[in-house]
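Q: Okay, here's the structure, questions in a sec.
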Amino acid sequence: MLKQIAFAAVLIQVAAFSALITETVLFASTATQAANVQYSEPAAITEEECAQATGLNIPRQCLEGVEATESVTTIVLTTKE
């Protein structure tokens, strides 16, 4: 009885190990390809497209050459008495 339980445990371990090896061999190339995906933006973006871009949809090419500047706005409120 004990031999049969031990033999069943060994068979389960061999089956699990074989499944892991099979998964690694079959899906390793797919995972590597998915990890190496490089996103690229369109090569040519016109000034009109940059002018129309708003919010989070501004392409990287539109941001090149734009420098952050410090701007101060003063608002004066006058009232008649």
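Q: Would you mind computing, in nm to one decimal, how far apart the modelled labels at Ile21 and Phe7 are, each placed 7 Å from Cα along Cα→Cβ?
A: Those two pseudo-labels are separated by 2.2 nm.
Q: For Phe7, what accessible surface area do you get with a 1.4 Å probe? Give it in Å², rounded to 10.
A: 130
The values are calculated or read from the model by the stated rules, or taken from the named source; none is laboratory data. All values derive from a computational prediction rather than experimental measurement. Positions of Cβ are generated from backbone atoms using ideal geometry, with glycine treated the same way; all protein chains shown enter the neighbour counts. Only protein heavy atoms, including side chains, enter the accessible area calculation; ligands, DNA and RNA are left aside. Shrake-Rupley method; radii C 1.70, N 1.55, O 1.52, S 1.80 Å.
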